[in-house]
1. Output the residues belonging to the range 1-56 that are out of contact with any helix residue (DSSP H, G or I) (no Cβ under 9 Å at 6 or more places or on another chain), modelled with pLDDT under 95 and among the hydrophobic types (A, V, I, L, M, F, W, C).
2. Ser41 passes all but one of (1) in a helix (DSSP H, G or I); (2) loosely packed, with under 10 Cβ neighbours inside 10 Å; (3) polar (S, T, N, Q); which number fails?
3. Can you say whether Tyr42 is farther than 30 Å from Gly110 by Cα, among the aromatic types (Phe, Trp, Tyr) and more than 24 Å from the chain's Cα centre (by Cα), as far as the supplied structure shows?
4. Specify the residue that is nearest to the chain's Cα centre (by Cα); the eligible residues are those in the range 79-96 that are open to solvent by 80 Å² or more (accessible area, probe 1.4 Å) and modelled with pLDDT of 95 or more.
5. Would you please name the residue that is surrounded by the most Cβ atoms within 10 Å (Cβ to Cβ), looking only at residues in the range 97-123 that are among the basic types (Lys, Arg) and not in a helix (DSSP H, G or I)?
6. What residue, among those in the range 29-38 that are open to solvent by 70 Å² or more (accessible area, probe 1.4 Å) and not basic (Lys, Arg), is nearest to Ser120 (Cα to Cα)?
7. Between a residue in the range 52-78 that is open to solvent by 70 Å² or more (accessible area, probe 1.4 Å) and any residue that is in a loop (DSSP other than H, G, I, E, B) and of a type in the set (Gly, Ala, Ser), which pairs come within a Cβ distance under 7 Å, given they are 6 or more apart or on different chains?
Amino acid sequence: MSTALKLQEEELQTHEEAVQLANEINRLEAALKQMKAVLKSYVKDHGGIDTGEEVWDFYESVSWKFDRQRLKELAGEMAMEGIDPWEMLNISKANLNKLGWEEQRLSKLGTKKVTQRFTSRKK
């Protein structure tokens, strides 16, 4: 019986079972990635696939980038409409990292938010 099926019947009891389950997850995620790549190629050549429950297809993701001057204009227009631009505009984690500032300095200026994300990382 596979680890995934066994898991439906009972919880993990040992470290070895947890390791086996983690390895099974890695195997399934690798297989899923490969299957998606094959389906993506098919959809690219033949169009979307309607499974009856969902449609697999390419969908646009839109984002906007503004140069310095336009960003300043955007903030000004927001303010003229009664929208506080400082409530809308944020600095990304990547851009904060580029500053190279210590956490102590950042903590004087803002509030740190930490979330937990369950994932694996390469050793």
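The values are calculated or read from the model by the stated rules, or taken from the named source; none is laboratory data. Just so it is clear, the structure is predicted and the values come from calculations on it, not from any experiment. Cβ coordinates were reconstructed from backbone atoms using ideal geometry, including for glycine residues, and neighbour counts include every protein chain displayed. Keep in mind that these areas ignore ligands, DNA and RNA; they rest on the heavy atoms of the full protein, side chains included. Shrake-Rupley method; radii C 1.70, N 1.55, O 1.52, S 1.80 Å.
1. Once the filter is applied, which keeps residues that are out of contact with any helix residue (DSSP H, G or I) (no Cβ under 9 Å at 6 or more places or on another chain), modelled with pLDDT under 95 and among the hydrophobic types (A, V, I, L, M, F, W, C), the range 1-56 yields Leu5, Ala18, Val19, Ala22.
2. Failed condition: (2).
3. Details: farther than 30 Å from Gly110 by Cα: yes; among the aromatic types (Phe, Trp, Tyr): yes; more than 24 Å from the chain's Cα centre (by Cα): yes.
The answer is yes for Tyr42.
4. Going through the qualifying residues, I end up with Glu81.
5. In the first step, residues of the range 97-123 are kept if they are among the basic types (Lys, Arg); the result is 98, 105, 108, 112-113, 117, 121-123.
From what is left, the residues that are not in a helix (DSSP H, G or I) are 112-113, 117, 121-123.
Numbers: Lys112: 7, Lys113: 5, Arg117: 4, Arg121: 4, Lys122: 3, Lys123: 3.
So the residue we want is Lys112.
6. Our first condition is that a residue be open to solvent by 70 Å² or more (accessible area, probe 1.4 Å); within the range 29-38, this holds for 29, 32-36, 38.
Now narrow it down to the ones that are not basic (Lys, Arg): 29, 32, 34-35, 38.
On the way: Glu29: 12, Leu32: 16, Gln34: 19, Met35: 21, Val38: 24 Å.
Restricting to residues being open to solvent by 70 Å² or more (accessible area, probe 1.4 Å) and not basic (Lys, Arg), the top hit is Glu29.
7. Pairs that qualify, where the first residue is open to solvent by 70 Å² or more (accessible area, probe 1.4 Å) and the partner is in a loop (DSSP other than H, G, I, E, B) and of a type in the set (Gly, Ala, Ser), are Val55/Gly48; Trp56/Gly48; Asp57/Gly48.
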